[in-house]
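Here's the structure we're looking at; comments come further down.
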Amino acid sequence: MADDTFKKIIAHSKEYGFIFQSSEIYDGLSAVYDYGQLGAELKNNIKRYWWEAMVKLNENIVGIDSAIFMHPTVWKASGHVDAFNDPLIDNKDSKKRYRADVLIEEQREKFQQKIEKEVKKAAKRFGDSFDRAEFERTNQRVLANQEKINIITNRFQTALENNDLDELRQIIIDYEIACPVSGSRNWTEVRQFNLMFDTKLGSVSGDASTIYLRPETAQGIFVNYLNVQKTGRMRLPFGIAQIGKAFRNEIVARQFIFRMREFEQMEMQFFVKPGEEMQWFETWKEKRLKWHLALGFSADKYRFHDHDKLAHYANAAADIEFEFPFGFKELEGIHSRTDFDLNQHQEYSKKKLQYFDNEEGKNYVPYVVETSVGLDRTFLMILANSFEEEVIDKGDGKTDTRTVLKIPAALAPVKVAILPLVKKDGLPEKAREILNTLKFDNNCQYDEKDSIGKRYRRQDAIGTPFCITVDHDSLIDNMVTIRHRDTMKQQRVNIADIEKIIDEKVNMKNLLKQL
Ligand code: ATP
């Protein structure tokens, strides 16, 4: 069912010009996508929502735009050259390559699903008197599966902590995990595989000229810490925000724009006094969840997931997970990165990256709390939340389905469609007159083709919050019909009032005021 919805979302994205496969006429490039005419609008609106929430609403946060190419030593210092690896395993029969950790996590998820199945069955049987907690504490089948989850989790975590590749393989063997393609358990050894793309700079050959496409935008912020702090006269605590492309040679590159090889991140590094990082970590967790919830989708679809295993640079980390059509998955990471990155860059660059604290009268390296959200994953989250197939009662005993994208109005690619009822009698001219007043504040579409009903459906399918229909009476009384996407309600209003009605809903200000 969920799988079916996901397929529909992918097909819909293509049909209406949101997302195309990269180089499609050459059969595409795996895990690389292009944003079409409406996708680019939606993406720009998400970026604006994030940027304004960070930079405009916080006087102590500024934004930068650093280059994708950076000095190769940056990635030595950050640890990416030596430790940005995925453990990979190949199936000898299908020749397919998998991430060993993902195979194990999927196995663990199967045990979890068995528990869910038991719970659902019992809930149905017991009806209103069902007590989930009690059931999970006492049901033998649930307990047996929970025990399996605990054992596999323990082994898995220990193997990851010790970087024990043989043990990862052994878990796959012990749990009889089979290749989804060949169905066989004929596995190779587990090997580490670096996720960074490299390329050559200039005409020099050899290792010295190897540079990397950045796998995260954060390092562009760290290496500019002092530039921004000094030129912006920033005092702690302060933040630097950035939106930009990142590249990872992902092996498990599936699930549409969830995991891509070229993607975009919206990251903010918040520099704080050492010792204050935990308080800021909690603050940013809360603030970031609020940013997501302000979009108005169901709160049940979001949850925090605290990391069991911390990256070498972190002293606390949590994800905001969203329930995608394929399950709860990471949407955003909030990490307390300590002074690891700035210290590393001090050491490798031999330049001091410190802060002079006037009150304490001393220099120190600030600590960092980072928020890092995938722009493309946010895009997918919005599509998944917005896509609806509504059954409409037509009144005569018949029903009809309308496909509608209930995108938050402030983010919608097109804000208003202006539709002359017929394409004659001066109605197109009147419609264009209205469009010419609205277009400075709103992305508008003009459409005069097909019946009005069909035109409404086309706008529903791309998420346009308002349609304005100009009819013959409009020429006499200066009134038009305004139709609301979500309720399909129609309202007769004065042309002079349109701007205000639209603005109340689509102005980004109203979204930002909720934060
Ligand atoms: P995952 O565990 O899903 O691989 P990650 O923990 O490696 O993600 P981070 O390094 O914390 O991800 O990156 C921050 C954010 O960037 C993620 O929360 C996600 O939204 C986004 N992101 C990371 N990798 C990709 C990718 N390959 N495609 C699209 N978005 C990504």
*asked:* When the residues of segment 376-402 are narrowed to those that are surrounded by 11 or more Cβ atoms within 10 Å (Cβ to Cβ) and among the basic types (Lys, Arg), which ends up nearest to the ligand (Cβ to nearest atom)?
replied: Arg377
*Where in segment 123-221 are there helices (runs of 4 or more DSSP H), lying wholly inside it, with at least 3 residues that are at positive phi, modelled with pLDDT under 90 and more than 29 Å from the chain's Cα centre (by Cα)?*
none
*Could you count how many residues in segment 214-235 are among the basic types (Lys, Arg) and either within 16 Å of the ligand (Cβ to nearest atom) or under 19 Å from Thr371 (Cβ atoms) (or both)?*
1
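Okay, residues lined up against (1) within 19 Å of Arg248 (Cβ to Cβ); (2) without any contact (Cβ under 8 Å) to a residue 40 or more places away in the chain:
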{"site": "Asn343", "(1), (2)": "no, yes"}
{"site": "Val368", "(1), (2)": "no, no"}
{"site": "Ser372", "(1), (2)": "yes, no"}
{"site": "Leu375", "(1), (2)": "yes, no"}
{"site": "Met381", "(1), (2)": "no, no"}
{"site": "Asp396", "(1), (2)": "no, yes"}
*asked:* I'm trying to understand the selection: among the residues of segment 338-361, which are within 16 Å of the ligand (Cβ to nearest atom) and crowded, with 22+ Cβ neighbours inside 10 Å?
replied: Asp341
*asked:* Just to verify a result, which residue in segment 252-275, among those that are near the ligand (Cβ under 9 Å from one of its atoms) and part of a strand (DSSP E or B), is farthest from Asp65 (Cα to Cα)?
replied: Glu262
_Any residue that is closer than 26 Å to Arg254 by Cβ, small (Gly, Ala, Ser), without any contact (Cβ under 8 Å) to a residue 24 or more places away in the chain and not in a loop (DSSP other than H, G, I, E, B) - is there at least one of those in segment 15-34?_
no
*Which of the residues belonging to segment 311-326 are away from the ligand (no atom under 12 Å from the Cβ), under 23 Å from Gln112 (Cα atoms) and outside any loop (DSSP other than H, G, I, E, B)?*
Glu323
*Residue satisfying all of: in segment 498-515; surrounded by 13 or more Cβ atoms within 10 Å (Cβ to Cβ) and not hydrophobic (A, V, I, L, M, F, W, C); farthest from Ile434 (Cα to Cα) among these*: Asn510
*Here are Asp300, Asp308: which of them is assigned to a helix (DSSP H, G or I), over 16 Å from the mean Cα position of the chain (by Cα) and surrounded by fewer than 15 Cβ atoms within 10 Å (Cβ to Cβ)?*
Asp300
_List pairs: first residue in segment 209-231 and free of Cβ contacts under 8 Å to residues at least 12 places away in the same chain and closer than 21 Å to Asp82 by Cβ, second residue within 16 Å of the ligand (Cβ to nearest atom) and in a loop (DSSP other than H, G, I, E, B) anywhere in the structure, Cβ distance under 7 angstrom, at least six positions apart or on different chains._
none
*Is it fair to say Val373 is closer than 25 Å to Trp75 by Cα, more than 13 Å from the ligand (Cβ to nearest atom) and part of a strand (DSSP E or B)?*
no
*List every residue pair whose Cβ atoms sit under 6 Å apart, with the two residues 6 or more apart in sequence or on different chains, where the first one lies in segment 126-144 and is free of Cβ contacts under 8 Å to residues at least 12 places away in the same chain and the second, anywhere, is of a type in the set (A, V, I, L, M).*
Phe130/Ala123
_Testing Met278 on (1) within 14 Å of the ligand (Cβ to nearest atom); (2) outside any strand (DSSP E or B); (3) more than 30 Å from Ile89 (Cβ to Cβ); (4) of a type in the set (A, V, I, L, M), one condition comes back false. Which one is that?_
(1)
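The values are calculated or read from the model by the stated rules, or taken from the named source; none is laboratory data. Please read these numbers as outputs of a predicted model, since none were measured by experiment. Counting neighbours? That spans all protein chains shown, and the Cβs are built from the backbone with ideal geometry, glycine included.
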